[in-house]
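*Asks:* Below is one structure. I have some questions about it.
The values are calculated or read from the model by the stated rules, or taken from the named source; none is laboratory data. Quick caveat: nothing in here was measured; it's all calculated off a predicted structure. In this analysis, Cβ positions are derived from the backbone assuming ideal geometry, glycine residues included, and neighbour counts consider all displayed protein chains.
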Amino acid sequence: MNSPRATVVICLLCLLGGCREYNISQPIALVPSTSFSALEKTALSHAAQCWNYRFGTKFSVPDKASHLQQVVVDYEDAICPLARAGTTAYFPAAVYICPPKYFNAERRIIEDTFFAIVLHELGHVLNIRDHAERGRELSVMAPSSRGPSPLIPHRFSAADVQLLQAANPDFLIDSPCREVLIPSDFGGKDNPDYHGCSCLR
Ligand SMILES: [Zn+2]
(Lines give C-alpha, C1' and ligand atoms only; values in the text may rest on other atoms or scores of the structure.)
Protein backbone atom coordinates (compact mmCIF):
# COMPACT_ATOMS: atom_id res chain seq x y z
CA MET A 1 0.00 0.00 0.00
CA ASN A 2 1.43 3.36 -0.86
CA SER A 3 1.21 6.33 1.43
CA PRO A 4 1.20 9.69 -0.40
CA ARG A 5 4.88 10.03 0.50
CA ALA A 6 5.65 6.59 -0.89
CA THR A 7 3.79 7.48 -4.05
CA VAL A 8 5.94 10.59 -4.45
CA VAL A 9 9.11 8.54 -3.95
CA ILE A 10 7.94 5.93 -6.41
CA CYS A 11 7.02 8.57 -8.97
CA LEU A 12 10.50 10.10 -8.61
CA LEU A 13 12.07 6.69 -9.10
CA CYS A 14 9.81 6.27 -12.07
CA LEU A 15 11.04 9.51 -13.61
CA LEU A 16 14.66 8.63 -12.93
CA GLY A 17 14.35 5.05 -14.14
CA GLY A 18 12.33 5.81 -17.22
CA CYS A 19 8.82 4.45 -17.03
CA ARG A 20 7.75 1.58 -19.14
CA GLU A 21 4.29 0.40 -18.39
CA TYR A 22 3.26 -3.22 -18.38
CA ASN A 23 1.15 -4.53 -21.19
CA ILE A 24 -1.53 -6.14 -19.08
CA SER A 25 -2.96 -8.09 -22.02
CA GLN A 26 0.24 -10.14 -21.99
CA PRO A 27 1.45 -12.64 -19.34
CA ILE A 28 3.07 -11.14 -16.25
CA ALA A 29 5.17 -13.47 -14.10
CA LEU A 30 5.18 -12.75 -10.37
CA VAL A 31 8.43 -14.16 -9.05
CA PRO A 32 8.14 -14.88 -5.31
CA SER A 33 11.04 -14.37 -2.93
CA THR A 34 12.88 -17.55 -2.05
CA SER A 35 12.32 -16.54 1.59
CA PHE A 36 8.54 -16.84 1.26
CA SER A 37 6.83 -19.68 3.08
CA ALA A 38 4.56 -22.07 1.20
CA LEU A 39 1.57 -20.17 2.62
CA GLU A 40 2.91 -16.82 1.43
CA LYS A 41 3.44 -18.26 -2.05
CA THR A 42 -0.08 -19.63 -1.98
CA ALA A 43 -1.49 -16.27 -0.88
CA LEU A 44 0.40 -14.59 -3.74
CA SER A 45 -1.03 -17.13 -6.21
CA HIS A 46 -4.50 -16.54 -4.84
CA ALA A 47 -4.20 -12.77 -5.14
CA ALA A 48 -2.97 -13.16 -8.73
CA GLN A 49 -5.87 -15.44 -9.55
CA CYS A 50 -8.38 -12.92 -8.16
CA TRP A 51 -7.22 -10.32 -10.69
CA ASN A 52 -7.15 -12.91 -13.49
CA TYR A 53 -10.68 -14.03 -12.65
CA ARG A 54 -12.10 -10.53 -12.46
CA PHE A 55 -10.31 -8.84 -15.34
CA GLY A 56 -8.86 -11.56 -17.57
CA THR A 57 -5.27 -10.55 -16.78
CA LYS A 58 -2.53 -13.16 -17.15
CA PHE A 59 -0.63 -13.22 -13.89
CA SER A 60 1.28 -16.38 -13.09
CA VAL A 61 3.51 -17.32 -10.16
CA PRO A 62 6.38 -19.41 -11.49
CA ASP A 63 9.36 -20.46 -9.37
CA LYS A 64 11.63 -18.78 -11.87
CA ALA A 65 11.06 -15.92 -14.28
CA SER A 66 9.71 -17.33 -17.49
CA HIS A 67 7.94 -14.47 -19.21
CA LEU A 68 9.25 -11.29 -20.72
CA GLN A 69 7.22 -9.27 -18.23
CA GLN A 70 8.15 -10.14 -14.69
CA VAL A 71 7.78 -8.68 -11.23
CA VAL A 72 9.80 -9.66 -8.18
CA VAL A 73 7.79 -9.92 -4.96
CA ASP A 74 9.89 -9.75 -1.81
CA TYR A 75 10.26 -8.41 1.70
CA GLU A 76 12.20 -5.16 1.95
CA ASP A 77 13.22 -3.28 5.09
CA ALA A 78 13.60 0.06 3.31
CA ILE A 79 9.88 0.33 2.54
CA CYS A 80 8.85 0.17 6.23
CA PRO A 81 9.26 3.88 7.12
CA LEU A 82 7.11 4.77 4.10
CA ALA A 83 4.37 2.19 3.94
CA ARG A 84 3.44 -1.37 4.69
CA ALA A 85 4.28 -2.24 1.09
CA GLY A 86 5.11 -0.52 -2.16
CA THR A 87 5.39 -1.26 -5.84
CA THR A 88 8.00 0.35 -8.04
CA ALA A 89 6.39 1.84 -11.08
CA TYR A 90 9.17 1.33 -13.57
CA PHE A 91 9.93 -1.75 -15.61
CA PRO A 92 10.79 -4.31 -14.39
CA ALA A 93 8.67 -3.61 -11.34
CA ALA A 94 9.07 -5.02 -7.86
CA VAL A 95 6.59 -5.39 -5.04
CA TYR A 96 8.25 -4.73 -1.70
CA ILE A 97 6.55 -5.77 1.52
CA CYS A 98 7.63 -4.58 4.95
CA PRO A 99 8.88 -7.71 6.78
CA PRO A 100 6.72 -9.05 9.61
CA LYS A 101 9.52 -8.47 12.15
CA TYR A 102 8.70 -4.74 12.10
CA PHE A 103 5.15 -5.35 13.20
CA ASN A 104 4.45 -5.81 16.87
CA ALA A 105 2.40 -8.71 18.16
CA GLU A 106 -0.90 -7.04 17.25
CA ARG A 107 0.24 -5.94 13.84
CA ARG A 108 2.29 -8.89 12.68
CA ILE A 109 1.54 -10.05 9.20
CA ILE A 110 -0.62 -13.10 9.18
CA GLU A 111 -1.79 -14.91 6.08
CA ASP A 112 -4.92 -12.79 5.63
CA THR A 113 -2.96 -9.57 5.90
CA PHE A 114 -0.29 -10.76 3.50
CA PHE A 115 -3.01 -11.67 1.02
CA ALA A 116 -4.73 -8.28 1.36
CA ILE A 117 -1.46 -6.37 0.91
CA VAL A 118 -0.41 -8.35 -2.15
CA LEU A 119 -3.89 -8.16 -3.69
CA HIS A 120 -3.69 -4.37 -3.46
CA GLU A 121 -0.11 -4.10 -4.74
CA LEU A 122 -0.92 -6.20 -7.81
CA GLY A 123 -3.27 -3.39 -8.83
CA HIS A 124 -0.23 -1.09 -8.90
CA VAL A 125 1.64 -3.67 -11.01
CA LEU A 126 -1.28 -3.36 -13.45
CA ASN A 127 -0.35 0.31 -13.94
CA ILE A 128 -2.85 1.73 -11.42
CA ARG A 129 -1.10 4.70 -9.81
CA ASP A 130 -4.06 6.19 -7.97
CA HIS A 131 -6.16 4.94 -5.11
CA ALA A 132 -9.90 4.52 -4.83
CA GLU A 133 -11.59 7.09 -2.65
CA ARG A 134 -12.86 5.81 0.65
CA GLY A 135 -16.55 5.42 0.05
CA ARG A 136 -19.37 3.25 1.23
CA GLU A 137 -18.08 0.43 -0.93
CA LEU A 138 -14.78 -1.18 0.08
CA SER A 139 -12.23 -1.22 -2.71
CA VAL A 140 -9.15 -3.36 -3.28
CA MET A 141 -7.43 -0.15 -4.39
CA ALA A 142 -8.46 1.88 -1.34
CA PRO A 143 -5.48 3.54 0.35
CA SER A 144 -3.78 1.70 3.18
CA SER A 145 -5.79 1.45 6.37
CA ARG A 146 -4.08 2.10 9.68
CA GLY A 147 -5.71 -0.79 11.49
CA PRO A 148 -3.96 -3.99 12.49
CA SER A 149 -4.84 -5.61 9.18
CA PRO A 150 -6.32 -4.15 6.00
CA LEU A 151 -10.00 -4.67 5.39
CA ILE A 152 -10.58 -7.11 2.57
CA PRO A 153 -13.55 -6.30 0.32
CA HIS A 154 -15.79 -9.14 -0.83
CA ARG A 155 -15.47 -8.11 -4.44
CA PHE A 156 -13.67 -5.65 -6.69
CA SER A 157 -15.57 -2.37 -6.52
CA ALA A 158 -16.79 -0.18 -9.37
CA ALA A 159 -13.93 2.16 -8.43
CA ASP A 160 -11.41 -0.67 -8.87
CA VAL A 161 -12.78 -1.40 -12.33
CA GLN A 162 -12.70 2.29 -13.24
CA LEU A 163 -9.10 2.69 -12.03
CA LEU A 164 -7.89 -0.33 -14.02
CA GLN A 165 -9.64 0.84 -17.15
CA ALA A 166 -8.39 4.42 -16.79
CA ALA A 167 -4.81 3.17 -16.33
CA ASN A 168 -5.12 0.81 -19.32
CA PRO A 169 -7.54 2.42 -21.80
CA ASP A 170 -6.76 -0.14 -24.54
CA PHE A 171 -7.28 -3.16 -22.31
CA LEU A 172 -10.47 -5.11 -22.83
CA ILE A 173 -11.75 -6.44 -19.52
CA ASP A 174 -12.68 -10.05 -20.15
CA SER A 175 -13.67 -11.92 -17.01
CA PRO A 176 -14.32 -15.64 -17.35
CA CYS A 177 -16.62 -15.37 -14.31
CA ARG A 178 -20.12 -14.01 -13.81
CA GLU A 179 -19.01 -12.87 -10.38
CA VAL A 180 -15.75 -13.03 -8.45
CA LEU A 181 -15.86 -13.30 -4.67
CA ILE A 182 -12.83 -12.42 -2.57
CA PRO A 183 -12.48 -14.45 0.65
CA SER A 184 -12.54 -12.13 3.64
CA ASP A 185 -11.15 -14.65 6.07
CA PHE A 186 -8.84 -17.52 5.32
CA GLY A 187 -9.27 -18.83 8.84
CA GLY A 188 -5.54 -19.31 9.26
CA LYS A 189 -3.17 -21.92 7.98
CA ASP A 190 -4.89 -24.81 9.77
CA ASN A 191 -8.14 -24.21 7.96
CA PRO A 192 -8.64 -27.02 5.43
CA ASP A 193 -10.86 -24.67 3.42
CA TYR A 194 -7.98 -22.25 2.82
CA HIS A 195 -8.82 -20.95 -0.62
CA GLY A 196 -8.58 -18.00 -2.92
CA CYS A 197 -11.18 -16.10 -4.92
CA SER A 198 -14.28 -17.90 -6.12
CA CYS A 199 -15.27 -17.66 -9.77
CA LEU A 200 -19.04 -17.97 -10.10
CA ARG A 201 -19.86 -18.98 -13.64
ZN1 LIG B 1 -1.47 1.53 -2.95
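*Asks:* Does ASP74 fit the bill of being out of contact with any Leu (no Cβ under 8 Å at 6 or more places or on another chain), at pLDDT below 90 and acidic (Asp, Glu)? Break it down into steps so the answer makes sense when it comes.
*Replies:* Numbers: out of contact with any Leu (no Cβ under 8 Å at 6 or more places or on another chain): yes; at pLDDT below 90: no; acidic (Asp, Glu): yes.
No; evaluated as a whole, the condition is false for this residue.
*Asks:* State whether the residues of the range 13-29 include one that is within 16 Å of the ligand (Cβ to nearest atom), more than 21 Å from ALA132 (Cβ to Cβ), at pLDDT below 60 and in a helix (DSSP H, G or I).
*Replies:* Checked the range 13-29: at least one residue is within 16 Å of the ligand (Cβ to nearest atom), more than 21 Å from ALA132 (Cβ to Cβ), at pLDDT below 60 and in a helix (DSSP H, G or I).
*Asks:* Restricting to the range 166-184, count the residues that are farther than 16 Å from ASN52 by Cβ and surrounded by fewer than 15 Cβ atoms within 10 Å (Cβ to Cβ).
*Replies:* Going residue by residue through the range 166-184, those that are farther than 16 Å from ASN52 by Cβ are 166-167, 169-170, 184.
Restricting the remaining residues to those that are surrounded by fewer than 15 Cβ atoms within 10 Å (Cβ to Cβ) gives 166, 169-170, 184.
Residues meeting the conditions: 4.
*Asks:* Can you confirm whether CYS98 is touching a residue at least 60 places away in the same chain (Cβ under 8 Å) and buried (at least 22 other Cβ atoms within 10 Å of the Cβ)?
*Replies:* no
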